[in-house]
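First the structure, which I've put down as structure tokens, then a few questions once you've had a look.
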Amino acid sequence: MSKKRVVIAGMGFGGLRAAKTLSESDVELIMVDRNNYHLFQPLLYQVATAGLEQEAIAYPLRGLTRRWRNASFMLAEISGIDLDAKIVLTDGGNVPYDYLIVAAGSRTNFFGMESVAAHAFDLKRLDQAEDLRNHILLMFEQASRESDTKIKSALLTFVIVGGGPTGVEFSGALRELIVYVLSKDFPTISANETRIILVEAADSLLTAMPADLREYAHQKLNSMGVEVLLENRVVGATPESVVLYGGTVITSHTLFWSAGVAAAELAGFLKGVEFGAAGRVVVQSDLSIKDHPEVFIVGDMACCLEKGVPLPMMAPVASQQGDYVARSILAREEGRSLPPFHYFDKGAMATIGKSSAVAAAAGFKFSGYIAWLAWLLLHLYYLIGFRNRLVVMMNWTYAYLFQERQVRLITAKKRRAVTIL
């Protein structure tokens, strides 16, 4: 009997975990992705703030497949999925499957605000992190030779939208970059001349955290010099300004958006399925889609309900779902079935700055140095590749000891073309 073929569309956290679980089985495994690397997205903001090289948070996928038997990788753009014929359509040819795991992740959700989408930076890809780093450094270069105080102030004002982990971590990292590094690189610019404004629509930051940790994060950012605007939201933007609900205009050349995500555009290729909020595909209790038990959706694309509420679009959810689906496929091939998927919440954490973070796990709460150390160790653990772990650890150690960022490179003076999805 021929081996069953499992195709994984997308090699983010969910796809990678599924592939690892299936790698030692007898199924034929084909991984398809538009990029030839797995990206550790939680550290993208550190690339944007000159803390890490791009290569340190990415790992070549063929470096994994050469170690896995019965596994192969295909660099291709998926253009459609024929559920009835069981074929994935790509620009590199059609790929038939017996089982399909769709794990293409998410894209930034600008909630229909075209002006914001056109002028905001976001962080979902490596090139976007490089673009944002280039832009931040160029703002300082331009401000260093600007004599008009109003123009200089606009160049040195950075608006960050979204008070979740990404927004909080980016705000803290950017402030440290300015205070410890750029204010020394540019002697004509004082750190006090810069503004970092964090805008959040809710009444607190890090809404998934306990109240005391939310307050700690807020106070820590304030003490660092970050202006936090709660119960505010951005409704428009131009290249030189950011517009808040109610009409307030902030003069700024930099808008970073981390206020929402939606399912990747690949979800739209699945015809006849039910969609939930943010374009996510509604799945059954085993993460398959209705009428097609051989097709599974995992990660940010999956609308999986627990206690009537969709699971959050987070890496730990994707990883657990990827492992579950892989085990479910193997169980089916052995004539068994698994109980419905259940997400085990291991907690949440966010770093705010040097020696400062918040973490909540298993009923325990941490803040300050201990939480920061736990954050460092966990992120090092989940990085792929010994070299990547070593490079990241060396960069972090150097920054901690010398308060320096080595990756202050302007690699392009023009922003790449923006694709609005």
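The values are calculated or read from the model by the stated rules, or taken from the named source; none is laboratory data. Here the structure is a predicted model, which means the values were calculated and not measured. Heads up, the Cβs are rebuilt from the backbone with ideal geometry, glycines too, and the neighbour counts pull from every protein chain shown.
When the residues of the range 179-201 are filtered to those that are farther than 19 Å from residue 250 by Cα and not aliphatic (A, V, I, L, M), which remaining residue is surrounded by the most Cβ atoms within 10 Å (Cβ to Cβ)?
186
A follow-up question, please. Which one is surrounded by the most Cβ atoms within 10 Å (Cβ to Cβ) among residues in the range 304-336 that are in contact (Cβ under 8 Å) with a residue 40 or more places away in the chain and not in a helix (DSSP H, G or I)?
Among those that are in contact (Cβ under 8 Å) with a residue 40 or more places away in the chain and not in a helix (DSSP H, G or I), it is 313.
If I go through the range 184-233 residue by residue, how many of them are in contact with a Gly (Cβ under 7 Å, 6 or more places away or on another chain) and part of a loop (DSSP other than H, G, I, E, B)?
Qualifying residue count, the range 184-233: 3.
Moving to a separate point now. Could you tell me whether any residue of the range 289-301 is within 22 Å of residue 15 (Cβ to Cβ) and among the acidic types (Asp, Glu)?
Looking for residues that are within 22 Å of residue 15 (Cβ to Cβ) and among the acidic types (Asp, Glu), one finds at least one in the range 289-301, hence yes.
Looking only at the range 322-344, decide whether some residue is more than 30 Å from residue 217 (Cα to Cα) and among the polar types (S, T, N, Q).
Yes, there is a match, as at least one residue in the range 322-344 is more than 30 Å from residue 217 (Cα to Cα) and among the polar types (S, T, N, Q).
Per-residue answers, yes or no, for (1) in the same structural domain as residue 365 (by TED's automatic domain parsing); (2) in contact with a Lys or Arg (Cβ under 8 Å, 6 or more places away or on another chain); (3) at pLDDT 95 or above; (4) under 16 Å from residue 45 (Cβ atoms):
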site: 169; (1), (2), (3), (4): yes, no, yes, yes
site: 183; (1), (2), (3), (4): yes, no, yes, no
site: 192; (1), (2), (3), (4): yes, no, yes, no
site: 197; (1), (2), (3), (4): yes, no, yes, no
site: 206; (1), (2), (3), (4): yes, yes, yes, yes
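Ok, one more. Taking the residues in the range 378-410 that are closer than 19 Å to residue 45 by Cβ and among the charged types (D, E, K, R) as candidates, determine which candidate is nearest to the chain's Cα centre (by Cα).
Filtering the range 378-410 for residues that are closer than 19 Å to residue 45 by Cβ and among the charged types (D, E, K, R), the one nearest to the chain's Cα centre (by Cα) comes out as 389.
Now for a different question. What do you reckon, is residue 295 touching a residue at least 40 places away in the same chain (Cβ under 8 Å) and buried (at least 22 other Cβ atoms within 10 Å of the Cβ)?
yes
Could you identify the single residue in 51, 12 that is crowded, with 21+ Cβ neighbours inside 10 Å, in contact with a Lys or Arg (Cβ under 8 Å, 6 or more places away or on another chain) and under 30 Å from residue 174 (Cβ atoms)?
That would be 51, the only listed residue that is crowded, with 21+ Cβ neighbours inside 10 Å, in contact with a Lys or Arg (Cβ under 8 Å, 6 or more places away or on another chain) and under 30 Å from residue 174 (Cβ atoms).
Shifting gears a bit: For the range 209-230, give me each residue that is closer than 18 Å to residue 372 by Cα, under 23 Å from the mean Cα position of the chain (by Cα) and surrounded by fewer than 19 Cβ atoms within 10 Å (Cβ to Cβ).
210 - this is the single residue of the range 209-230 that is closer than 18 Å to residue 372 by Cα, under 23 Å from the mean Cα position of the chain (by Cα) and surrounded by fewer than 19 Cβ atoms within 10 Å (Cβ to Cβ).
Test each condition in (1) in a loop (DSSP other than H, G, I, E, B); (2) over 18 Å from residue 213 (Cα atoms) for residue 380 and report the one that comes out false.
Looking at each condition in turn, residue 380 falls short on (1).
Given the conditions (1) among the hydrophobic types (A, V, I, L, M, F, W, C); (2) under 20 Å from residue 167 (Cβ atoms); (3) in the same structural domain as residue 389 (by TED's automatic domain parsing); (4) part of a helix (DSSP H, G or I), and given that residue 370 satisfies all but one, which numbered condition is not satisfied?
All conditions are met except number (2).
Which numbered condition in (1) crowded, with 24+ Cβ neighbours inside 10 Å; (2) under 20 Å from residue 301 (Cα atoms) is the only one that residue 30 fails?
It is condition (1) that residue 30 fails.
Restricted to the range 128-152, and to residues that are among the polar types (S, T, N, Q) and under 30 Å from the mean Cα position of the chain (by Cα), which residue is farthest from residue 172 (Cα to Cα)?
It comes out as 142.
To continue, here is another question. Exactly one of these conditions fails for residue 147: (1) in a loop (DSSP other than H, G, I, E, B); (2) in contact with a strand residue (DSSP E or B) (Cβ under 9 Å, 6 or more places away or on another chain). Give me its number.
(2)
What is the one condition in (1) assigned to a loop (DSSP other than H, G, I, E, B); (2) within 24 Å of residue 394 (Cα to Cα); (3) among the acidic types (Asp, Glu) that residue 55 does not satisfy?
Tallying (1) assigned to a loop (DSSP other than H, G, I, E, B); (2) within 24 Å of residue 394 (Cα to Cα); (3) among the acidic types (Asp, Glu), residue 55 fails exactly one: (1).
Can you pull out the residues in the range 72-110 that are part of a loop (DSSP other than H, G, I, E, B), exposed (fewer than 15 other Cβ atoms within 10 Å of the Cβ) and touching a residue at least 24 places away in the same chain (Cβ under 8 Å)?
Residue satisfying the conditions is 77 alone.
Regarding the range 124-131, can at least one residue be identified that is in contact with a Ser or Thr (Cβ under 7 Å, 6 or more places away or on another chain) and closer than 28 Å to residue 13 by Cβ?
Checking the range 124-131: at least one residue is in contact with a Ser or Thr (Cβ under 7 Å, 6 or more places away or on another chain) and closer than 28 Å to residue 13 by Cβ.
Same structure, new question: Among the numbered conditions (1) in contact with a Leu (Cβ under 8 Å, 6 or more places away or on another chain); (2) crowded, with 22+ Cβ neighbours inside 10 Å, tell me where residue 204 comes up short.
(2)
Next question, about the same structure. Looking only at residues that are over 24 Å from residue 152 (Cβ atoms) and assigned to a loop (DSSP other than H, G, I, E, B) in the range 234-253, which one is nearest to the chain's Cα centre (by Cα)?
So the residue we want is 245.
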